[in-house]
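Inspection log for the structure reproduced underneath, given as structure tokens.
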Amino acid sequence: MTAIADEAARQRFARELDRNFSVIASAGSGKTRAITDRIVEIARRPQCALEWLPQLVVVTYTNRAADEMQQRTRQQILDAKLPLETVEAFGRGFFGTIHAFCMKLLATHGHRLGLPARLETITDDDDLWNEFVQQQTEIGHSLGEKNCRLLLRLMQARQLMELARSQDHAFVPPQSLGRCPECDFRKVEAAVESAQATNIPKAKSQLREWLRRWRGTDEFAPWPPCATTARDFTARWREAFRPLREWASACASYVAAEVQREYREFRLARGAITYPDQVALAAELLRLPDVAKRIREKNYRVLLDEAQDTDPYQFFVLLEITRPGDATGEWLQTKRDPPRSGHFSMVGDFQQSIYRDPADLNHYRELHETLISTGAAKEL
């Protein structure tokens with residue numbers, strides 16, 4: 001029964017070319033072959049082949065995997081003895097990584113963002129980063145003077161700079177910060193030491209010393225350590241500090257986003273671009289309505305392999321290029337004007353992610369559920 005159901009699903013994915021699909025299947029089950037079968041089916045249909053094959057955007061995580069898929073598919077088209085013009089149309093489709101596709105978009109439209117005509121992709125930016133840091137005379141100006149001063153009493157500027165650099169994703173600052181909150185430590189002070197909960201007096205003493213510095217001076221006052229591991233006490237400690245930590249985290253996101261933006265501008269001015277830059281800049285292009293419309297007029301047909309290894313920014317690019325030309329806003333926010341039928345399909349596995357962290361895997365699961373619940377794709 002399982003084999004029959006699986007074959008029926010495979011046939012649907014290969015033959016229902018006017019539908020979008022999100023395929024969930026385990027490793028080794030033939031997900032990549034399913035993409036090949038769908039492309040060959042396009043090639044076999046005279047009414048589709050010459051128009052649709054050049055519109056293909058077949059994305060996988062490595063160039064090697066993309067090359068292998070392209071060669072395997074081309075061989076099947078040749079074995080089917082399809083017309084030469086079909087083979088030529090297939091050769092104009094895109095097979096590659098999301099980064100290579102984003103560079104394709106930037107090569108055509110990057111002037112709209114003021115990008116240099118020539119960009120060099122860099123993987124080792126230590127020297128460039130050090131040069132950037134040496135030129136920085138101010139940090140956190142987007143916070144305002146008061147919030148910046150308070151944040152820099154909790155964290156060093158160097159920590160904030162490294163936070164911005166160490167992450168391969170772009171920070172998205174919250175819409176509002178609010179005032180720096182006061183913390184209520186009464187439950188911490190009320191805790192009593194016991195045989196199972198030692199060092200509580202020491203922890204309270206450290207807390208009082210930190211409060212003296214934080215409230216009574218303008219000195220640097222980094223987060224105090226908790227001198228005990230007693231479960232109830234540490235729970236009270238974390239809960240008491242939670243409002244301040246959440247505020248500091250929001251402020252740090254503001255600063256990190258600011259540093260990332262300024263460092264990217266610094267790199268681009270020197271003709272250097274990183275892999276995350278490529279995706280972020282392509283996303284910026286798609287937020288320009290007239291540019292997005294011109295890109296969508298290419299009628300790209302996305303087939304995404306190993307979708308579980310795709311991050312939110314990469315998904316954004318691939319979804320947005322397949323929406324109707326006059327679509328507005330971001331589909332994942334508005335849920336209006338979804339990817340056009342037959343223009344976005346992906347295959348992946350909820351159970352494994354080779355390259356991504358669990359947060360990206362959760363985003364992939366949520367995206368799958370959104371595609372299905374809104375009717376933008378069918379689940380297989």
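The values are calculated or read from the model by the stated rules, or taken from the named source; none is laboratory data. A quick note: this is a predicted structure, and the numbers were derived from the prediction, not measured. Ideal geometry is used to build each Cβ from the backbone, glycine not excepted, and the neighbour counts take in all protein chains shown. Heavy atoms of the whole protein, side chains included, go into the accessibility calculation; ligands, DNA and RNA do not. Shrake-Rupley method; radii C 1.70, N 1.55, O 1.52, S 1.80 Å.
Quick notes on this one:
- One residue alone among 245, 261 is outside any loop (DSSP other than H, G, I, E, B) and at pLDDT 95 or above, and that residue is 245.
- Flag for residue 120 being touching a residue at least 24 places away in the same chain (Cβ under 8 Å), exposed (fewer than 15 other Cβ atoms within 10 Å of the Cβ), at negative phi and of a type outside the set (Lys, Arg): yes
- Yes/no for residue 166 being within 30 Å of residue 264 (Cα to Cα), surrounded by fewer than 17 Cβ atoms within 10 Å (Cβ to Cβ) and of a type in the set (S, T, N, Q): yes
- The single condition from (1) in contact with a helix residue (DSSP H, G or I) (Cβ under 8 Å, 6 or more places away or on another chain); (2) surrounded by 16 or more Cβ atoms within 10 Å (Cβ to Cβ) that residue 250 fails is (1).
- Near pairs, Cβ below 8 angstrom, 6+ apart or cross-chain, from the range 298-312 (over 24 Å from residue 18 (Cα atoms)) to any residue that is among the small types (Gly, Ala, Ser) and assigned to a loop (DSSP other than H, G, I, E, B): 309/353
- Subset of the range 223-237 that is touching a helix residue (DSSP H, G or I) at 6+ places or on another chain (Cβ under 8 Å) and open to solvent by 50 Å² or more (accessible area, probe 1.4 Å) - its residue that is modelled with the lowest pLDDT: 225
- Verdict on residue 194 being among the small types (Gly, Ala, Ser) and farther than 25 Å from residue 142 by Cα: yes
- Residue match in the range 173-190 (condition: surrounded by 15 or more Cβ atoms within 10 Å (Cβ to Cβ), closer than 30 Å to residue 288 by Cα, modelled with pLDDT of 90 or more and among the β-branched types (Val, Ile, Thr)): no
- Residue 137 passes every criterion in (1) closer than 22 Å to residue 264 by Cβ; (2) open to solvent by less than 80 Å² (accessible area, probe 1.4 Å) apart from (2).
- Cβ separations smaller than 9 Å between residues 6+ apart or across chains give the following pairs from the range 368-380 residues that are over 18 Å from residue 310 (Cα atoms) and charged (D, E, K, R) to residues that are at pLDDT 95 or above and assigned to a loop (DSSP other than H, G, I, E, B): 378/16; 378/19; 378/20.
- Restricting the search to helices (runs of 4 or more DSSP H) fully inside the range 125-241 and requiring at least 1 residues that are more than 33 Å from the chain's Cα centre (by Cα) and touching a residue at least 24 places away in the same chain (Cβ under 8 Å) gives 186-190, 200-216.
- Options 335, 298, 293; residue that is out of contact with any Leu (no Cβ under 7 Å at 6 or more places or on another chain) and under 23 Å from residue 36 (Cβ atoms): 298
- Every residue from the range 281-290 that is among the charged types (D, E, K, R) and in contact with a Leu (Cβ under 9 Å, 6 or more places away or on another chain): 284
- Where residue 291 falls short, out of the listed (1) modelled with pLDDT of 95 or more; (2) among the β-branched types (Val, Ile, Thr); (3) within 19 Å of the chain's Cα centre (by Cα): (3)
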